[in-house]
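Reading through the structure tokens given below for one structure.
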Amino acid sequence: MTVISMSHQELHRLRVVMDLIEERLTTAEAAIQLHLTERQMWRLRRRFLQDGAAGLASRKRGRASNRRIHPSVQMTAVALVREHYADFGPTFAAEKLAQRHGLHIGRETLRKWMMQAGLWLDRRQRDKPVHQPRHRRECVGELIQIDGSDHHWFEARAPRCTLLVFIDDATSRLMHLRFARSEATFDYFQATRGYLERHGKPVAFYSDKHAIFRVNRVGAMGGDGMTQYGRALHELNIDILCANSSQAKGRVERANQTLQDRLVKELRLAGISTIKAANAFVAGFMEDFNARFAQAPFDNRDLHRPLAPHDDLDEAFAWKELRTVTCNLTLQYDKVMFLLEPSELTRPLARQRVTVIDYPDGRLAIRHRGVDLPYRTFDRLQKVDQAAIVENKRLGEVLAFVAERQRERTEKRSAKAPRRRGQAERHMFKLH
């Protein structure tokens, strides 16, 4: 018994041909039902009488397509993906095969090959992500989501670092990227300054509840309730809003996931392993990224405001703290004691509050009512105790100091070790 595989169309053709042979249909009527000519109907009738139902089945079944890609091309593509792009998605891998190897393969074809080779999982085999719906803002510059993504951006080629991401809520367009050693206030100062110089002032930034953006301490007393970053934006007439959950700022969170996939691999392919080189590279990456993934806004207006003449970015993006001057005209800031130079201007300031302004470039000013006061440094406290409390903005400096101190300790111990072994040997010699 022979089993013949036929499609629905072929089964319909079989029924019509049988009706034709049994004279329930004329040749013209059968041709109309199958949308064929009468001559073709006579051919189908003759084929059925010779070979039976098998004569009406497609003769292409089981044969390779004339448009099939040669197996050697498939082997080459899979080998390149396995060697260079094993952790790439099919779309991204297809782009790189075309750009770097001149191998133009359709992404769905490559997806099928990667699944056959075990390099990609079907969507049904992966957990489905849950997206919380929220309407986009209507205009560019109305709401800019910001976040810091701590990740192994250079993989094993360099230490872990942070990428500060600015993304427009209305279009999902990457507006600004900046690599930094950590997610610290001064790093956000520099990144935000670069954003404002390029795009202007948005209506508001939208962030998480990180301590850089919001005073989180319960019952905090004193001050104006603003962080240094919040104060800087307030001086520039920019608002900052904090999301209650990570899902609320899902656009930047999803952008971080995409960047941790694509940008890491682009940096690898470009051979980049330093923050400086990465910051120079991201401009071109953003342009390509936005061309692929950015969406058109509902409203074509751009709500960014140009920087006004009175917007002093140097002053806004500086760390500012109030200190009380002692009767001896001294004050302490950042574990350093400063002496005000005695003069008619500074003598009346005993027991008065002054502002210490710490600029990102290392400059420092002591100011009272808009006037910079003359001062000199009396003592810098270099000691860092075990479990010492370190301010966020000093973390990089303190870590560098601690690493240097540990290196010195290691060198001292290594230098002492041979001498101690020699002393032990001489002691054993005396005993014998």
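Values quoted throughout were computed directly from the atomic coordinates according to the rules given, and no laboratory measurement underlies them. Predicted model, so just to flag it, every value in this text is computed and none were measured. Note that each Cβ is placed from the backbone with ideal geometry, even for glycine, and that neighbours are counted across all protein chains shown.
How would the range 8-56 be classified by its alpha-carbon gyration tensor: rounded, prolate or oblate, with rounded meaning a/c under 1.5 and the a/b versus b/c comparison settling the rest?
Rounded, since a/c falls under 1.5.
Ser5 to Gln33: FRET efficiency via 1/(1 + (r/R0)^6), r the Cβ-Cβ distance, R0 30 Å, to the nearest 0.05?
Efficiency, from the Cβ-Cβ distance: 0.85.
What is the angle, in °, between the Cα long axis of helix 275-293 and the longest principal axis of the Cα atoms in the chain? Nearest 10 is fine, range 0 to 90.
40
Around Ala170, under 9 Å between beta carbons, what's the net of Lys plus Arg minus Asp minus Glu among the other residues?
-2
Would you kindly compute the Cα radius of gyration of the range 318-380 and its largest Cα-Cα separation (Dmax), both in Å?
10.7, 31
Relative to the longest principal axis of the C-alpha atoms of the chain, give the angle of the C-alpha long axis of helix 107-116, reported between 0 and 90° and rounded to the nearest 10°.
Between the helix axis and the principal axis of the chain, the angle is about 90 degrees.
Can you give the local net charge around Asp87? Use residues other than it whose beta-carbon is closer than 14 angstrom to its beta-carbon, Lys and Arg +1, Asp and Glu -1.
+1
Test of understanding: ordering Val282, Val264 by Cβ neighbours within 10 Å, fewest first, what list do you get? Let's see the in-between values first.
On the way: Val282 21, Val264 17.
Final ranking by Cβ density, sparse to dense: Val264, Val282.
If I take all pairs of Cα atoms in the range 1-141, what percentage of them are more than 19 Å from each other?
Pairs farther apart than 19 Å: 68 percent.
Which of the listed residues, Leu121, Phe179, Ser149, is farthest toward the dipole's positive end in the range 107-194, when Lys, Arg count +1 and Asp, Glu count -1 at the beta-carbon?
Leu121
Identify the residues of the range 174-209 with backbone N under 17 Å of a label point that sits 7 angstrom from the Cα of Thr258 along the Cα-to-Cβ direction, or state none.
174-178
If the only charges are +1 at each Lys and Arg Cβ and -1 at each Asp and Glu Cβ, what is the size of the charge dipole of the chain around the Cα centre, to the nearest 20 debye?
Once rounded to the nearest 20, the dipole reads 2000 debye.
Given 0.36 nm per residue, what is the gain on full extension from Cys327 to Thr410 after removing their alpha carbon distance, in nm?
25.5 nm
Mind checking the angle between helix 8-21 and the chain's longest principal axis? C-alpha axes, 0 to 90 degrees, to the nearest 10.
It works out to around 10 degrees.
Modelled label-to-label distance, Leu103 and Glu138, 7 Å Cα→beta-carbon offset: nm?
5.0
If you place +1 on the Cβ of every Lys and Arg and -1 on the Cβ of every Asp and Glu, how big does the dipole about the Cα centre of the range 144-293 come out, in debye to the nearest 20?
Around 220 debye, computed over the range 144-293.
Quick one: Ser7, Ser182, fewest Cβ neighbours within 10 Å first, how do they rank?
Ranking Ser7, Ser182 by Cβ neighbours within 10 Å, fewest first, gives Ser7, Ser182.
Just rank Asp358, Asp314, Asp168, fewest to most, by other beta-carbon atoms within 10 angstrom.
Asp314, Asp358, Asp168
Dipole of the chain (Lys/Arg Cβ +1, Asp/Glu Cβ -1, origin at the Cα centre): which of Gln190, Gln40, Pro306 lies farthest to the positive side?
Gln40
Can you compute the helix-only [θ] at 222 nm over the chain? Use -39500 (n - 2.57) per DSSP H run of at least 4 residues, normalise by all residues, nearest 500 deg cm²/dmol.
-13500 deg cm²/dmol, from helical runs alone.
Under a point-charge model restricted to the Cβ atoms of Lys and Arg (+1) and Asp and Glu (-1), what is the dipole moment magnitude of the range 8-56 relative to its Cα centre, in debye to the nearest 20?
The dipole magnitude comes to about 180 debye.
Ordered by packing density, taken as the mean number of other Cβ atoms within 10 Å over each peptide's residues, highest first, how do 88-95, 194-201 rank? Kindly include the intermediate steps, with their values, before the conclusion.
Details: 88-95: 19.2, 194-201: 17.0.
Descending packing order for the listed peptides: 88-95, 194-201.
Greater than 24 Å separation of Cα atoms is the criterion. Which listed pairs, Lys276/Lys412; Lys201/Lys249; Lys201/Lys335; Lys209/Lys320; Lys201/Lys320, meet it?
Pairs exceeding 24 Å: Lys276/Lys412; Lys201/Lys335.
Excluding Ser273 itself, what net charge comes from residues whose Cβ is under 10 Å from its Cβ, given Lys and Arg +1 and Asp and Glu -1? Before the final figure, lay out each step's value.
Values: positive: Arg157, Arg268; negative: Glu155.
So the environment of Ser273 carries a net charge of +1.
May I ask you to derive the relative contact order of the chain, considering only C-alpha pairs under 8 Å and at least 6 residues apart, and to give it as an integer percent?
Averaging sequence separation for qualifying contacts and normalising by length gives 11 percent for the chain.
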